[in-house]
1. When Rg is the radius of gyration of the Cα atoms in the stretch 1-135 and Rh is its Kirkwood radius, what does Rg/Rh come to?
2. Can you pull the percent of Cα pairs in the stretch 112-289 with separation above 29 Å?
3. Does anything in the stretch 513-529 have its amide N under 16 Å from the 7 Å Cα→Cβ label point of residue 550, and if so which residues?
4. Suppose the chain between residue 132 and residue 190 were pulled fully straight at 0.36 nm per residue; how much longer would it get relative to their current alpha carbon spacing?
5. Which residues among the stretch 336-359 fall inside the zone where the amide N is under 16 Å from a point 7 Å beyond the Cα of residue 507, along Cα→Cβ?
6. In nm, to one decimal, how far is the modelled label at residue 25 from the one at residue 113, with both set 7 Å along Cα→Cβ?
7. Using label points projected 7 Å from each Cα along Cα→Cβ, tell me how many nm separate residue 416 and residue 86, to one decimal.
8. Quick one: Debye curve from the C-alpha atoms of the stretch 511-550, no solvent, what's log10 I(q)/I(0) at q = 0.24 Å⁻¹?
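No lab work stands behind these numbers, since they all come straight from the coordinates. For clarity, every value in this text was computed on a predicted model and none was experimentally measured. Counting neighbours? That spans all protein chains shown, and the Cβs are built from the backbone with ideal geometry, glycine included.
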Ligand code: F6P
């Protein structure tokens, strides 16, 4: 058995046997036999309540999943991550996003450095800067107050800040509008910067490496427009451009004074970074207090993950349930359905967090995860995450969730208190939330459909199979702290899965080849001479057609 292959363990065999039984049963039967499961198969983490009773599991499934996590050494891996060991083996780095939210009086020395002091030094600088911008003490070059913030970044330097900015609009200073430029498609920077008053606009160039083509190209364009708006006065840049990066040298090369740079560290992965200086736009929007409440929410969830026994540990349970469906039921995708319009970018954010982390096909020891020689490990890793806020999704793709041939586990996330209470709207909204998980779980039989008076020939079309598993996460209200809790929850779910699969959740080599090839192909698109046809036949033909459209 390969060192990371768990398929030969007793826990795996128990799960395989359990799957045989559960695949032949229904949630209706499970609830009928055990009415207590609706209150028993629940767990609480900080302010989040998880109901996982509508999953195809019994108590013994949960026991076997917990045993699997123990076999995988999850407890030791959690301890190693929190202690700053270099668990990102392929990049020889610590993985310490959890240190970004340690309280000021905590201490964590990693590689000889007190990282908590470093974190709070940057947070304090961010707070001071944000306060100046929000109060109007920091102005643009011509003395105007900053009213627009344009964050230029991509991947982790975009998805987190934009998701959180949208999520916490109710806590924002409405006098500051944030916009987010990410794509190298020129229409993105054009549309996002279109119509801004440059004299009252602050650009944040956010890039961990400060070497990302998309971000630097967009930043150069914005810089040029700004200087033009100031009739060629380059000195205006200092009051309108700040940087967020780990790479001071490249920031200086780009022409941003490092006094206006907010740093972070190589032990923060891009997709785990919006609670670092990468969240500067968010802090400008919600202020230092709101930002620190969010960090406290992250930290409380970290502590829950670090200290709670696995059987009550919400991120561990949810991560193990994902393994259960992915590896035993063969489900490939996973829907995330927030019943909050404010969380409209949450599924997109989770796509990077989960898929860039767990989209891997070799284990930490280099063996392929598809190596089933030890007996039956399905070899599947990263799930495909997707979703839309309810109720929009209901009128789009829920048909497939209810009656399609595929089983898609789904997370429903909802809040009891609305941010804006308009008559009965929130109760109507949440009645959809509760109705959907019940309909997915219990469906409607042919007898029940017929009893409604449905014509016999239509009955089959209206049968709702049910048995579609869901988790329900219910919290009192979407606050900065609860957002931090939710994000940390999914970070730790992702980590739990990676440990069971034996893969590295913290590198992303797969995105490199495409970047290298794009750089190689760029001259072929722009050269005045017809380029050599030395790519593959398809790419050569497509480039020829493209050049013709471009008149080249
Ligand atoms: O393309 C992958 C990636 O490296 C992500 O992991 C990262 O979040 C994104 O690019 C942006 O990187 P940077 O912050 O260094 O510009």
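1. My calculation of the ratio gives 1.15.
2. In whole percent, the share of Cα-Cα pairs in the stretch 112-289 beyond 29 Å is 11.
3. 517-529, by backbone N distance to the label point.
4. 18.1 nm is the gain from fully extending residue 132 to residue 190.
5. Under 16 Å, as judged by backbone N against the label point of residue 507, lie 356-359 of the stretch 336-359.
6. Result: 5.2 nm between the two label points.
7. My value for the distance between the label points is 4.8 nm.
8. -0.82
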